[in-house]
Each structure stands twice: as C-alpha cells, then as structure tokens.
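Scroll down for the structure; my scribbles are underneath it.
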Amino acid sequence: MEFLIRELRIEDSERFVTLQKEFLKQMDEYTVGYKFSEGHIFYNEYDSDEDNPLFVVVDGNTIIAYADTKYEEDYVEISDTCLCVTEIFVLKEYQGKCVGKLLIEKVLEHARKKQIDFIHCFVLPKNNQAQNFLLKFGFVEHGKESYVMNVKTTY
C-alpha cells in the first residue's frame with residue numbers, strides 16, 4: 001500500500017475532526033472517570049505551522065492517521081529543545097501496516113531539520129500498545145506516562 005504523509009491543511013478540517021473524535025473515543029477506554037471525548041476542543045480550522053506541525057497520513061482522500069506536535073522551548077527536565085508529540089493515532093484497520101512508523105519517521109525528520117534534541121511523548125499508563133510501539137523505535141521511559149527519544153543518538 002502506498003500512503004501519502006503531509007502536513008494538515010485547512011481544507012482537511014472536517015475530515016480531521018472526524019478522525020480526532022475517533023481517537024478520543026479510543027482514549028476514553030484507557031481512563032476512569034474522565035472522558036477525553038467530552039472535554040476536548042476540536043480543530044475546526046487548523047493549519048500546521050512551521051514549528052508545530054500536525055502530520056497526517058492519507059489513503060486516497062481519507063485521513064487515516066495523524067501526529068500532532070508542539071515545540072517545547074526550555075523543557076528543563078529533558079533538553080533546551082524538545083518536540084512534544086501530543087497525539088498520535090492510526091485507525092484500527094490501518095494498524096500493523098507501517099502507518100505509525102511513517103509518522104514517527106516524519107516527526108524524526110522534522111526534529112532533525114529543526115535541530116531539536118529530543119522528542120517527548122505522553123502515553124496513558126494502560127495504553128500498552130502505544131508504549132510498546134514507542135519502545136520499539138528507541139524511545140525510553142521518562143516517568144510514569146512519558147517517553148523520550150534522543151534525536152541525535154537514535155537512527
């Protein structure tokens with residue numbers, strides 16, 4: 001399968017919000033007493049910017065996955081330059097088809113281009129699938145819900 005990976009565009013907004021709602025429903029499965037899907041502000045008109053790109057993977061006209069990033073300046077615990085992956089999601093029917101790998105590789109490429117030292121991801125404690133996925137790519141645990149990768153020494 002051939003997938004296209006690119007940054008989110010304004011014209012993707014409606015399709016992206018649909019995908020993000022699916023992500024949040026799945027996140028609800030990992031929490032008790034809090035519903036991500038009820039307290040989230042959706043990107044009705046979102047466009048990536050140079051420092052905080054939101055990457056999407058497209059199959060035809062369908063957005064099947066995304067990684068939302070945010071540049072963290074002076075993230076003292078880790079480094080002076082850190083890219084935080086705030087959300088990463090792949091539709092279930094596309095999991096196991098290297099789509100997540102494409103997203104991580106794109107985030108790494110962006111981090112290197114911007115000379116960012118570390119990538120940081122938050123993962124809910126019960127989300128073993130995401131934890132194992134990140135560990136496989138060279139991320140290491142950094143606290144209870146946190147995984148980091150040193151961009152300069154990985155890959």
For Glu7, what residues show an amide H to amide H distance below 5 Å, using hydrogens built from the backbone and excluding near sequence neighbours? Val56
Lys114 versus Leu135: modelled label distance in nm, points set 7 Å from Cα along the beta carbon direction: 2.8
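Laboratory data are not the source of any read-out in this text; all were calculated from the coordinates shown. Note that the structure is predicted; figures quoted are calculated from it, not measured. As a convention, Cβ positions derive from the backbone with ideal geometry for all residues, glycine included, and neighbour counts pool all protein chains shown.
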